[in-house]
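*Asks:* Can you read through this structure? Questions will come right after.
Every read-out reported here was derived from the displayed coordinates using simple, explicitly stated rules and does not represent laboratory data. Since we're looking at a predicted model, the values are computed, not measured.
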Amino acid sequence: MTSHAVHVTTEAENDIDAIHEYLSINESTERAHRVANGLFDTIETLGDMPARGNFPKELDYLGRRDIRELHCGAYRIFYQIEERGVFVIAVADGRRDMREFLRRRLER
């Protein structure tokens, strides 16, 4: 089995930091650490089987089939598979308006 290099973009790292900060303030530092560690653990698994993620339904209207997602609890991890590896481009709470979030993120 071929292993792919996994890269977390600065934006995705900032997303995880924001999730951690929010949970630290509104719930507990322990929960914030558990969630952040779970997200990084899930991201790490992309190196072995990146194609297992599904295509986000919110991108169907754009015809985008180059972005996939994995779920980790209530959170969604968005990524692209390229020749150079797997690139995590966003991490977000799945309860937010994902269509608008992804539209804004992909415009950058």
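*Asks:* Working from the pairwise distances between different alpha carbons, so that the mean of 1/r is found and then inverted, what is the chain's Kirkwood radius in Å?
*Replies:* Mean inverse Cα-Cα distance, inverted, gives 14.2 Å.
*Asks:* Okay, helix-only estimate at 222 nm for the chain: each DSSP H run of n ≥ 4 adds -39500 (n - 2.57), divide by all residues, round to 500 deg cm²/dmol; what do you get?
*Replies:* About -13000 deg cm²/dmol.
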